[in-house]
Amino acid sequence: MNTEKNLHIAGREIPIDKEGFLRELSDWTPEVASALAQSEGIELTDAHWEVLQLLQAFYREFELSPAMRPLVKYITLHLGPDKGRSIYLMQLFPPSPAKVASKIAGLPKPTNCL
Amino acid sequence: MSKNTLALCRQAPYGNALAREGLEAILAAAAMDQAPAVLFLGDGVFQLAGQKPEAIAEKNLRRNIQALPMFDVETLHVCKSSLLQRGIMPEALQVPGADIELVEDCGSFIRKFDHVLSF
Amino acid sequence: MTLHIVSKSPYSSSALTDCASSCAEGDAIVLIEDAVYGAVETYPEITERAPVYCLQSDAEARGIVIGKNVEGIDETRWVTLCTEHNPIVSWFK
């Protein structure tokens, strides 16, 4: 009946959906982010955190998870054109940056993301 | 071709699902580099007015609308007479990063498009 | 030139009045479904700027006698109007 999966972090059970997105956005902590990143095969560095923080700022500002284009635009706006490039994000969060980074940032899956 | 599409938004934000569906269609198209023009008309102009939908446990549509410039929809067209009819001052409409363009003659505006999506 | 298609009664929806005020010279309006209640003689003229058509079958079904400012049409004519105009705008709510 119950097909929900959980992340096990420091004795806590954190429910995630079948694609690995958090069920409850309030469950997010930096430790949860690291665990989510690990399940994507990503080791978080400062460069990752900078993008994750911007994604969360985007979500607070607009109440939605950005698809690739708006994410690139938002990052250009805040971190400059060197980082506001899809290839840069692709290197940090392969293979689908908007989706993978949203997941690690604890946001809902981008609705307009294929 | 799809460059020349208009999304016609005529519904108030929370009474039915159309306002949100329209916005989602616009965002989806824009994410694919096919951003339509947008015209708010009739009760649709209420989508641009201030909102506190936490009171009814809904997501804030206007916040989502503010994301449109990030999706390269940088001009929002608004029917001027719809605003005045409803006692809304055009100056009261502000979406950071977007230009609000008042349309006096919606008929001439609409016919410039090849496709019109109604919401 | 735009073809406006309206499907709601003018007494329950702003569709017809919104449409009429968004109509340019040379556009055309087609009333279908419950919008045909706006096709009767006693309903105020919808607009001077555009011809108003009404789907005959929908009017008949509702016992509507089409007024003199409105022209009753069949489905074939409606399709023809669709091919003659662009864009087509639905006023369905």
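The values are calculated or read from the model by the stated rules, or taken from the named source; none is laboratory data. All figures in this text were calculated on a predicted structure; none of them were measured in a lab. A quick note on method: Cβ atoms are made from the backbone with ideal geometry, for glycine too, and the neighbour counts reach across all protein chains shown.
Of note:
- Selected residue (criterion: surrounded by the fewest Cβ atoms within 10 Å (Cβ to Cβ)) from residues of segment A:68-82 that are without any contact (Cβ under 8 Å) to a residue 24 or more places away in the chain, touching a helix residue (DSSP H, G or I) at 6+ places or on another chain (Cβ under 9 Å) and under 15 Å from residue A:58 (Cβ atoms): A:77
- The set of residues in segment B:103-119 being surrounded by 15 or more Cβ atoms within 10 Å (Cβ to Cβ) and either more than 9 Å from every other protein chain (Cβ to nearest Cβ) or not small (Gly, Ala, Ser) (or both) consists of B:103, B:106, B:109, B:110, B:111, B:113, B:115, B:116, B:117, B:119.
- Candidates are the residues of segment B:36-58 that are over 12 Å from the mean Cα position of the chain (by Cα) and surrounded by 14 or more Cβ atoms within 10 Å (Cβ to Cβ); the one that is nearest to residue B:111 (Cα to Cα) is B:51.
- Test set (1) at pLDDT 95 or above; (2) exposed (fewer than 13 other Cβ atoms within 10 Å of the Cβ); (3) within 23 Å of residue A:59 (Cα to Cα) - residue B:33 fails condition number: (1)
- All positions within segment A:20-38 that are touching a strand residue (DSSP E or B) at 6+ places or on another chain (Cβ under 9 Å) and in contact (Cβ under 8 Å) with a residue 24 or more places away in the chain: A:20, A:22, A:27, A:28, A:32, A:35, A:36
- In segment B:1-12, the residue that is farthest from the other protein chains (Cβ to nearest Cβ) out of those that are modelled with pLDDT of 95 or more and in contact with an Asp or Glu (Cβ under 8 Å, 6 or more places away or on another chain) is B:12.
- Residue check, residue C:23 modelled with pLDDT of 95 or more, surrounded by 21 or more Cβ atoms within 10 Å (Cβ to Cβ), within 23 Å of residue B:112 (Cβ to Cβ) and over 10 Å from the mean Cα position of the chain (by Cα): yes
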